[in-house]
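Everything on this sheet refers to the single structure shown next.
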Amino acid sequence: MKRINSTVGIKALSYYLPNNFKTLEELEKDKKLISKAKVLKSFGFNKVRIAKNETHVDLAKKAVKDLLKTNDIDPLEIDIVIFAGAMNHSFMVYEKNYEIKNSLIKNPMDLFKYPASKLQYELGISNASVIGLGQQGCSSLFSAIRVGRDILVSEDNVKNVLCVSSDVFPDNAIREVVYNVLSDGAGAVLLTKDSNVNKIIVISQITKGYYWDGDLRQNELIASYFPTARNIISDTLKKADLKIEDIDILIPHNVSMRSWDILLELIGFPKKRFYGQNIAKNGHSIGADNIINLKDAIDSKIIKKDDLVLMFNFGFGVNWSCIILEH
Amino acid sequence: MSKTNLFITGSSGAIGRYLLGNSIKEDYDSVFILMRSRSDKFDGIRAFLKKEGLKDQQLKKIKIMNGDITQDFLGLTTKQYKDLAKKTTHILHCAANTNFSLELETARAINVGGTKQIINLAKSCDSIKAFGYLSTVYVSGKREGIIMENDLVNTGFINSYEQSKFETEKLLREQTEIPVSVYRLSTIVGDSRSGFVPGFNSVHKALRLYFEGLAPMVPGLPSNPAELLDVFYATEAVNYLFNKNFVSGKTYHIVSGKNYSYTLEDFINETGKFFNKHSSTWRNKGIEKPPIVNMETFQLFEKSVIEANDKVMLGIIKIMNYFVPHLSLTTEYDTSNTDKDLGKVVKRKHVQDYYSDVINYCINSKWGKIAYETRTI
């Protein structure tokens, strides 16, 4: 299959991570881990970022504000805002220390307050219509990019689509899921038609609904993760008429370095071209990892012009996703 | 013509019952079998033999003795033992514990210790004409390269079963006064005539892991043959070599060989294809086939599971470790003795001719948990 000739690209990207962080040892002391800290450390984790007195909407605002300011983008030029959240409560507007409370039932209007609309208003993105996208777990931002790209291709009058992902764990939640340690964070990308940078060559996604209950099917998930990841990477490369050797850099989602060591072997990709620098530093920032890693790799000039970049993500639901860009 | 009588052990086992059925058709006057509990297990054997086409009249040859091969004098009374020794002219020793997870001492007690008792019986016989021993090609352990039928070399073992069988063969080689022939089989996958699985072993456990979406990866070389054996061919071959062309002092490899086997890669692919074919439920789950990886990658995964102390995954890795190391070994079992003495008397089938039926049986019998009628042989 020939490479898809699209000029849609990521014109700008940004992220926001809370300044507050905790080490694995501190999390263990606070009883916020399931596994021992030393085990997770051997898997490649070290610290996580934790929002303090900031909601996911606050994080999203900061990420978008930075994107607009740094790239001198007029918010009025944005046509669509797609807000993607990994967790169910990410689709609500709430105060910090969120917990599902009975008060919501007393005032049903609280169930209809959405982050996408709040961002659109508070950031002056007044010309944009909004879309909320979910049920993709950590793959939500990839799906937002996919939908944004498709809208840009199919609707002539749409020129700029802003995709935002933001999640904050509840204060009382355990910060470990299937041997991965989770951070709060937000990422934002601006997709444009006729971009001369970060052109999207191909996007792929596989959903396997059998694993919808990730808790019940955790061991089956672990067993399926590697072969399905390998398959989607292979299929995505084929779609783009590329081989793994053509990829200059692999931008991961920040699951454990240990699982990446195994997957890199499976797909035959050299570790020296893998951007794993943020796994220990930031932990797994749910939906924002790939954008955080992509921006850092670009800013530190690890990614050069015309480089082919493969981004991979996995999200509960479950979904495996892959994007190939040309920088 | 003087009477010949066979004493066969392990007749309730997956392979032993086939050999019992074959032996009844031979010219033995009586066929003695040893059972720990007389009634219940023999009903199962009888039902199997009748399905194999044996008539009640033929089954009358079977003489059941209540005993235990691990005990002195096989747990028989003095009179019974002397009588057995007097009458027995042929011994086919198939009894063994094939559980890979046994502690070595336990495996030895049954496999080596039990054989010692049978050797004692053979030495007590008035006139022993043939002693056949059912062994395994995996006495080769961790050896690679071409394994000759006469080889018996210790280079380490992957599980206690193969080590105990190795030690048993060594013991038998010391018995110069008994005419011994050894039949080494590879892993039985099913009956080529119907797909029936006589005993669910390590291969079926691994297949079940795959079926249930719990097989994360398989260490091995994609091009290595996946050595799986047809129980019908295997037992016809053993029967011919033991009952019709017995040669003392010889060892035979009874295997499919690479020309009648899938490669490991094809084995995994075809398994997935047949799971899809025979189970719509499986199809809907979208379970991926496990990738074939090198041993280092598998061990890295294993290390992670151990560190994480994931109990379910640990159990899965444990099951796999009893045999998967063999998949990474490049081993070929020479069959010169078998080719010469068996020739084309018994026809071998490529596993592709019956593997779909085996998978169908596995799924429909719920991996051996319920009865499933295969098509009539």
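The values are calculated or read from the model by the stated rules, or taken from the named source; none is laboratory data. This one's a predicted model, so the numbers in the text were calculated from it and none came from an experiment. Here the Cβ positions follow ideal geometry from the backbone for every residue, glycine too, while neighbour counts run over all protein chains shown. Areas reflect the complete protein model, heavy atoms only, side chains present, ligands, DNA and RNA absent. Shrake-Rupley method; radii C 1.70, N 1.55, O 1.52, S 1.80 Å.
Below, the figures for the structure above:
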{"quantity": "Residue within region A:178-193 that is crowded, with 18+ Cβ neighbours inside 10 Å, in contact with a strand residue (DSSP E or B) (Cβ under 6 Å, 6 or more places away or on another chain), within 14 Å of chain B (Cβ to nearest Cβ) and in contact (Cβ under 8 Å) with a residue 60 or more places away in the chain present", "calculated": "yes"}
{"quantity": "Strands (runs of 3 or more DSSP E) completely within region A:1-77 that count 3 or more residues being open to solvent by less than 70 Å² (accessible area, probe 1.4 Å)", "calculated": "A:9-16, A:47-49"}
{"quantity": "Out of B:L228, B:L172, B:L185, B:L241, sole residue that is under 30 Å from A:L221 (Cα atoms), at pLDDT 95 or above and touching a strand residue (DSSP E or B) at 6+ places or on another chain (Cβ under 8 Å)", "calculated": "B:L228"}
{"quantity": "Strands (runs of 3 or more DSSP E) fully within region A:232-327 counting 3 or more residues that are touching a Phe, Trp or Tyr at 6+ places or on another chain (Cβ under 7 Å) and of a type outside the set (S, T, N, Q)", "calculated": "A:249-251, A:319-326"}
{"quantity": "All positions within region A:239-264 that are closer than 17 Å to A:L325 by Cβ and among the basic types (K, R)", "calculated": "A:K239, A:K243"}
{"quantity": "Some residue of region A:196-210 being basic (K, R), open to solvent by 20 Å² or more (accessible area, probe 1.4 Å) and at pLDDT below 95", "calculated": "no"}
{"quantity": "Matching residues, region A:226-269, being within 18 Å of the chain's Cα centre (by Cα), over 13 Å from B:F301 (Cβ atoms) and among the polar types (S, T, N, Q)", "calculated": "A:N254"}
{"quantity": "Extreme residue, farthest from A:K301 (Cα to Cα), among residues of region A:207-216 that are more than 8 Å from chain B (Cβ to nearest Cβ) and part of a loop (DSSP other than H, G, I, E, B)", "calculated": "A:L216"}
{"quantity": "Where a residue in region A:222-236 is more than 7 Å from chain B (Cβ to nearest Cβ) and its partner, wherever it lies, is open to solvent by 10 Å² or more (accessible area, probe 1.4 Å) and assigned to a helix (DSSP H, G or I), with Cβ under 6 Å and at least six apart", "calculated": "A:I233/A:I267"}
{"quantity": "Those residues of region A:126-136 which are in contact with a strand residue (DSSP E or B) (Cβ under 6 Å, 6 or more places away or on another chain) and open to solvent by less than 40 Å² (accessible area, probe 1.4 Å), in sequence order", "calculated": "A:A128, A:L133, A:Q136"}
{"quantity": "One residue from A:I291, A:I286 being under 21 Å from A:V164 (Cα atoms), at pLDDT below 95 and β-branched (V, I, T)", "calculated": "A:I286"}
{"quantity": "Strands (runs of 3 or more DSSP E) (entirely within region B:144-227) containing at least 1 residues that are of a type in the set (G, A, S) and under 18 Å from the mean Cα position of the chain (by Cα)", "calculated": "B:180-185, B:187-190"}
{"quantity": "Test result for A:N157, under 30 Å from A:P18 (Cα atoms), in contact (Cβ under 8 Å) with a residue 24 or more places away in the chain and more than 11 Å from chain B (Cβ to nearest Cβ)", "calculated": "no"}
{"quantity": "Count - residues of region B:276-289 that are open to solvent by 50 Å² or more (accessible area, probe 1.4 Å), at the interface with chain A (Cβ under 9 Å from one of its Cβ atoms) and of a type outside the set (D, E, K, R)", "calculated": "1"}
{"quantity": "Leading residue by the ranking (farthest from the other protein chains (Cβ to nearest Cβ)) among those in region B:170-211 that are free of Cβ contacts under 8 Å to residues at least 40 places away in the same chain and not hydroxyl-bearing (S, T, Y)", "calculated": "B:E174"}
{"quantity": "Some residue of region B:158-168 being surrounded by fewer than 21 Cβ atoms within 10 Å (Cβ to Cβ) and either at positive phi or in contact with a Phe, Trp or Tyr (Cβ under 6 Å, 6 or more places away or on another chain) (or both)", "calculated": "no"}
{"quantity": "Condition broken by A:S256, with the remaining ones in (1) polar (S, T, N, Q); (2) more than 26 Å from A:S42 (Cβ to Cβ); (3) touching a residue at least 40 places away in the same chain (Cβ under 8 Å) satisfied", "calculated": "(2)"}
{"quantity": "Verdict on B:V238 being surrounded by fewer than 22 Cβ atoms within 10 Å (Cβ to Cβ), away from every other protein chain (no Cβ under 14 Å) and not charged (D, E, K, R)", "calculated": "no"}
{"quantity": "Residue within region B:219-229 that is within 14 Å of chain A (Cβ to nearest Cβ), open to solvent by 30 Å² or more (accessible area, probe 1.4 Å) and over 24 Å from B:E373 (Cα atoms) present", "calculated": "yes"}
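Okay, residues lined up against (1) within 14 Å of chain B (Cβ to nearest Cβ); (2) surrounded by fewer than 24 Cβ atoms within 10 Å (Cβ to Cβ):
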{"residue": "A:K238", "(1), (2)": "no, yes"}
{"residue": "A:D241", "(1), (2)": "no, yes"}
{"residue": "A:N254", "(1), (2)": "no, no"}
{"residue": "A:M257", "(1), (2)": "yes, yes"}
{"residue": "A:L264", "(1), (2)": "yes, yes"}
{"residue": "A:P270", "(1), (2)": "no, yes"}
{"residue": "A:L294", "(1), (2)": "no, no"}
